1. Under 18 Å from PRO542 (Cβ atoms), among the basic types (Lys, Arg) and open to solvent by 30 Å² or more (accessible area, probe 1.4 Å): does that describe LYS481?
2. So the check is Cβ under 7 Å with 6+ separation or different chains; which pairs have a first residue in the stretch 245-267 that's under 15 Å from PRO64 (Cβ atoms) and a second one that's in a loop (DSSP other than H, G, I, E, B) and open to solvent by less than 50 Å² (accessible area, probe 1.4 Å)?
3. Do we find that ARG73 is surrounded by fewer than 22 Cβ atoms within 10 Å (Cβ to Cβ), modelled with pLDDT under 90 and not small (Gly, Ala, Ser) in this structure?
4. What are the residues in the stretch 622-633 that are closer than 19 Å to GLU756 by Cβ and assigned to a loop (DSSP other than H, G, I, E, B), if any?
5. Residue under question is SER318, and the condition is that it be within 36 Å of the chain's Cα centre (by Cα), modelled with pLDDT of 90 or more and either within 20 Å of LEU117 (Cα to Cα) or polar (S, T, N, Q) (or both); does it hold?
6. Condition check: open to solvent by 10 Å² or more (accessible area, probe 1.4 Å) and assigned to a helix (DSSP H, G or I). Does LYS581 satisfy that?
7. With respect to the numbered conditions (1) closer than 23 Å to SER540 by Cα; (2) surrounded by 14 or more Cβ atoms within 10 Å (Cβ to Cβ); (3) not acidic (Asp, Glu), which one is the sole condition not fulfilled by ILE414?
Amino acid sequence: LFRVVGGTGANPSGAAGPWLNNNQLYKFSYTTEVLVDRARGSKEGSGGYRISSDVDVNLVWREPSSKDDQLIRLVISKVKIESNQSEKKNVLHGTTTESVLGKTSLAALTKPFLLHLRNGKAKAFYSYWAEPATIKNLKRGLASLLQFQLNAGKVIENDVSGRCTVEYKAVKGQVMRTKLLDTCKTAETGFTTHSQVLGVNRKSNSVTVFTLEEGFIHSAVAEEMHLLAVNARRAVAAKVVSRQTLKLVGTEAGPLEAAGKDVPGVVKSIDAKLAAVGIMAEKVKTQCKNCPSLFEHWQAQQKQLEPAGLSKATAPRSFLALIQSIRKAPKDEILKVLKSASKTSLPQVVDAVTSSQTTASLDAILEFLNFTDAKGLVLQERFLYACGFASHPNERMLQALLEISKGKIGSTDIKESVVIIMGALIHKLCQRGGCNLPTVVQVKKMILEGPDSTQDESQVQMYLLALKNSLLPEAIPIFTKYAESTVGVYSTIALSALQRYDVKIITDEVKQTVNRVYHQNRRIYEKNVRAAAADVILSSNPSYIEVKNLLLSIGNLPHEMNKYMLSKLQDILRFQMPASKVIHQAMKDMISHNYDRFAKVGSSSSFSGFMAQSADVTSTYSLDILYSGSGILRRSNMNIYGASKGAMLHGLQVAIEAQGLETLIAATPDEGEEDLESFAGMSALLFDVQLRPVTFFKGYSDLMSKMFSMTGEPMNVVKGLILLTDHSEVIQLQSGLKASAEFQGGLAIDISGGMEISLWYRESKTSVNNRGALVVTGNVTVDMDFLRTGMEVSFETEASLNFITTVQFSEYPFLVCMQMDKTTFPFSEHLTKYDSLSSGKPIVLHKHKRQLVPGAEFPLHQENSNMCKRVFSSSW
C-alpha cells in the first residue's frame, strides 16, 4: 500500500511515514472476524462471525509543502457476512448480506470515507454523522489499520480502540505493532468489585504485523485477545478473539489528485456532508427488542425470591437477573415493583434494588423507605446491609446515609446500623481514591470524633464499630486508647479492629499498649479482652521478647486462659502461621517451655484448618473457644478466610460472647469479672463488613425471662441476598466491534445463632448455622444491532455449614464437644452459547455438568474427639 521511509526501501519523497503514489488505485481484500469461547476452547468451536469485503484505496490530496500530509479515500464493496458454525448451527444460513445488515446500513457501509494522515498518524477521520454508530465504528476499524511507523519505539496513538500507548518493532521486511491495551482511554466506563478474591481478572493483548515488500506494505494482520476469568474459580472464564487481515491484491490507474489548499477545503469540495467524526469509537446504544419491562420481569421471577426458596440456587440466579433488569429501568418502574411486591418477597426486592447501584434505584429505595417508622426495621436493615456490601458505591450513597443519620430514625438499632455501615462505605470509597471527597471528609470527621463525643455506651460502641469498618489509619490512635478502656466491650472492639490493619502500620506504641493489656500492667482485665490482646500480639510480627513473655505468662493465668493460650500457640505452630518461627525460637528456652507450663488442663481451645484448597482459592477456618472457670462459655469465635493470588478476604466471622452467668450455677466468677452484668450476644462480620451486633439477653431479669421462654430456635443474625462479584465493561475491539462483558456473583445467605442453658442437666449449647446458595455468571456478548453472538459461563452451589458446641458443667474439668460440619451439597457448571439476528429465531446451545460434593465433619484436635465421645455417651 504505502512506500515507507528507511528499512528495506527508502521513500524517494523523504516522507516520514506511509506514502501513497499519485493517480494510483490500490485494491485490497479485507476480512475481520470475532470469536467468543471458553478460555480453553470447546468441542463445539467458537461462536462468532466474519465480515469480508474488497477495499479500494487511493490518494485524494497531498500537502505540497509537506509530503507526509495526505488525505486518503477508502471504499468498501462486495461485503459478505459468514458464520464459522456448521449449517445446522449457522444463524446466517440462507441469508444475504442485505437481509442481515438492512438496505440502509449496507448503503452506509459501502459509502466512501476519508482518512487524513500526517507523519503516518490519523489526524482526522471523515464520514457521515447520519450513519449508524456501528457502521462508522467498522469504518474506523479499517482506517485504524492504516496507522503505521517504521521507526522502533513507544508512542501514544489515537485510533478506534481509544488513546493508547503503542510499541513498534522493525526487522527486515516486517514491522510489529503491539498495542498496550491497559493504557487505552475510551469514552466507555465500567466498574468492578474492588475485592481481588471476589473480583474478575482480565488479560489482553493486541499485535499487528505489517509485511513490507520493497518498502511497501504488502499485508497487515492484526489479532487481539481478551480473557476474563473469575479469580475465585478461573474455570468461569470467557475469551474474545478479534482478527483483521488486509492484503494487497493489485494496483491500477486511479483518480487524479484533487486541487486545494488544505484538508477541510478539499473534503468540502468532494462532499459537503462529510464531517470529521473522530477516529475513536463512539458509543453504540443497543436496543432490546421484545424484552420484558422490569415489572413483567419481576412477575416472572417473584416466586423464586420468596423466603422458602432462598436456600436454593434459583434465588441468587433470579436476584442477578433482577439486578440487570433494574439497572436499565427508570425510578417510576422500580417504585412500582417495590410497591407491588408481597410482604414476604419485599426484603429480597430491597436487596436487589439497593445492589443495583444506579441513580434511579437509589432514588426509588430512598423514596420507598420510611426511616421514622420503627416497624420497617427489617427492610431498613436490609437496605443498609446491601449498601455495606455494595460493589462500587459512590459518594451519593454515602451522602444518602449521612442525611438519614441526621434525620429522625424510629429504631435505635437502625440508627446504629446507619453509622456502622457508613464506616464500610468510607473504606470502599478510600480504596478507590475517593478519600478526599467532601462527604467522605465530613463522615470521617464525624466517626473519628464520635467515641469521645458521648457518654452513652451503645453510641461509643457504634462509633468504634464504624471506625473498625473504615480501616482509617487515623483511627489507630483511637483504638489504641480504647484498648485500655475500663469497659470490656470497648476494649474487645478496639483490639479486634487493630487486628484487621496491615501489620506495617502497627507502631511500637500500639504494640506496647496491647502488651500492657495482656499482661495487666496497669489494671485487671476480663479474660476475653486479654485473649483479644494475645491475638493482636501474635498476628503483628511479634518479637522474640513478646513471645517469650507470653510463654512465661502461661501458668499464672486463670485456668481456662492457660489452656486457651497453650492451644493458640500450638495451633500457630501446627498451621505454620507467620509467628511460628519466632515461637519455635522462644520455645528453645526451657524456662519458658517446660512440662509444668505445657501440661495445663482445661476445655478452652484454638484450632485452624483448611476448608477447601484449589489452584484458584484457598479457604481456611479457625475456631477459638474460651470458657470461664465455671464451665460457661465466655467467647466463641469462628472465622472463615479466602485467599487468592496473595489477596485475603475475611469471608465470615461469627463471635458469641457471654458474661455474668456464674450466678445461675452458684459458681465463683474469674478475677476481674466479679461485677459483670449478665449478657449474651452475637456479632457477625461478613465479607470484610462488620454488622451490628445482636443481643440474646442483657441483665438478670431479661436472662431469666429468656431462659423460661427459650424454644431452642436460633436467632437470625443476617439474612438476605448479596451481590458478591460485580464486573461490567465494554471492550472496544480494534476491528470497530464492541464486546460487552458482565460478570456477577450472587449469594443467598442465612446466618443464625443461639444459646441454650439447661440448669436441670447442667448443660449449655451454642450453635451457629450458616446456609447459603451461590451463583456466579459470566456473560460476554458482541452485538452489532443486526447480529449478536455471545456466551454465558456459570456455576452454582447450595451449602450448609453448622457449628455446635455442647458443654456439660456438672464436673471439672467440664466436658466440651465442638462439632463443625458441612452437609452434602450439589455443584453444577453451565455453558450457553447463542447467535441471533435482529429478525429470526436465535440458535442457542446449552451444556451443563453436575456433581454432588459429599458432606464432612471438619477435623478438630484429638482432644475434642475424645471429649465428644464422653459427652454423647453420658447423654444416653
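The values are calculated or read from the model by the stated rules, or taken from the named source; none is laboratory data. This structure is a prediction, so every number in the text was calculated from the model and none was measured. Every residue, glycine as well, gets a Cβ built from its backbone with ideal geometry; the counts of neighbours run over all protein chains shown. The protein model used for the area step is the full one, side chains on, heavy atoms only, and it has no ligands, DNA or RNA in it. Shrake-Rupley method; radii C 1.70, N 1.55, O 1.52, S 1.80 Å.
1. Against the criterion (under 18 Å from PRO542 (Cβ atoms), among the basic types (Lys, Arg) and open to solvent by 30 Å² or more (accessible area, probe 1.4 Å)), LYS481 does not qualify.
2. Listed pairs, sorted by first residue: VAL266/ALA258; VAL266/GLY260.
3. no
4. Within the stretch 622-633, SER628, SER630, GLY631, ILE632 meet the criteria.
5. yes
6. yes
7. For ILE414, the exception is condition (1).
Table: residues versus (1) outside any loop (DSSP other than H, G, I, E, B); (2) aliphatic (A, V, I, L, M).
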position: LYS481; (1), (2): yes, no
position: GLU484; (1), (2): no, no
position: ALA497; (1), (2): yes, yes
position: LYS511; (1), (2): yes, no
position: ARG523; (1), (2): no, no
